[in-house]
1. How high is the relative contact order of the range 30-119, in percent, counting Cα pairs under 8 Å that sit 6 or more residues apart?
2. Do any trypsin sites (Lys or Arg not before Pro) in the range 1-80 lie in a DSSP loop with no more than 10 other beta carbon atoms within 10 Å, and if so, which?
3. Using just the helices of the chain, give the 222 nm mean residue ellipticity in deg cm²/dmol: DSSP H runs with n ≥ 4 each add -39,500 (n - 2.57), and the total is spread over all residues, rounded to 500.
4. Using the Cβ atoms and a cut-off under 12 Å, what net charge is assigned to the surroundings of ILE11, where Lys and Arg are +1 and Asp and Glu are -1?
5. At a 4.7 angstrom Cβ threshold, list every cysteine in the chain that has nobody to pair with, or say none.
6. For the pair CYS197 and ASP67, how long in nm is the line joining their label points, each one 7 Å along Cα→Cβ?
7. Can you give the local net charge around THR159? Use residues other than it whose beta-carbon is closer than 10 angstrom to its beta-carbon, Lys and Arg +1, Asp and Glu -1.
8. Once you list every other residue whose beta carbon is under 15 Å from the beta carbon of LEU113, what net charge do they have if Lys and Arg are +1 and Asp and Glu are -1?
Amino acid sequence: MRKKELALIVIDRLKKEYPYSDCTLDYDQAWKLLVSVRLAAQCTDERVNQIVPSLYEKFPSIDALADAEVSDVEAIVRPCGLGKSKAKDIVACMKMLRDVFHSQVPDTMEELLSLPGVGRKSANLILGDVFGKPAIVTDTHAIRLSNRIGLVDNIKEPTKVEMALRKIVPAEEGNELCHRLVDHGRAVCTARTTPHCDQCCLEDICKKNF
């Protein structure tokens, strides 16, 4: 089976399995998603969602975070891990949003990558979820499942996985597919336990069978 054909089958089956799949980070403004996705590095989305209300209670706007002391931000976000570096990036990112982008989150990959602490994974999430643009978010679930299923072959580097998937996944499907890979990776094709292959809607087309 060609990879493009396999990708279409995977997309169709996961749509049926997870019809309401979406980003699991809570946000109501684009800049807050930028903050949350930085905090989510090596941390669960659930923990981030527990922490950010306290952050926004003290720093309720881009301006407030841009003017914040890094140490004050760190004190709040420390439970997310890597508190000092995350706090430093968040403050610097908000300063750049305010001073360079007039407090508007940019909508191009190049501009998003110019923001402190923003890599391709974060930029793709913003592009797809906020602006509805074609995006492939290669988090650990997307990388693991793409390799297991056979959408990519032994590629572990996130950018290389992204580029490989862009070749076989229709542009309009990429963002939602990645959300569904997260859901499937958490529920069925797990990392820290034996995958629940007997419960998997992709079991018959998985690479392990070929």
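Read the figures in this text as sums done on the coordinates, not as results from a lab. Small disclaimer: the values here were computed from a predicted structure and weren't measured. All Cβ positions, even for glycine, are placed from backbone atoms using ideal geometry, and neighbour counts span all protein chains on display.
1. This gives 30 percent for the range 30-119.
2. Values: sites: ARG2, LYS3, LYS4, ARG13, LYS15, LYS16, LYS32, ARG38, ARG47, LYS58; in loops: ARG2.
When the trypsin sites (Lys or Arg not before Pro) of the range 1-80 are filtered for loop state and at most 10 Cβ neighbours within 10 Å, ARG2 remain.
3. Values: 11 runs with 115 residues, N = 210.
So the helix-based figure for the chain works out to -16500 deg cm²/dmol.
4. Details: positive: LYS4, ARG13, LYS15, LYS16, ARG180; negative: GLU5, ASP12, GLU17, GLU172, GLU173, GLU176.
The answer is -1.
5. Singleton cysteines: CYS23, CYS93, CYS178, CYS189, CYS197, CYS200, CYS201, CYS206.
6. 5.9 nm
7. Details: positive: ARG120, LYS121, LYS160; negative: GLU157, GLU162.
Net local charge, THR159 excluded: +1.
8. -1
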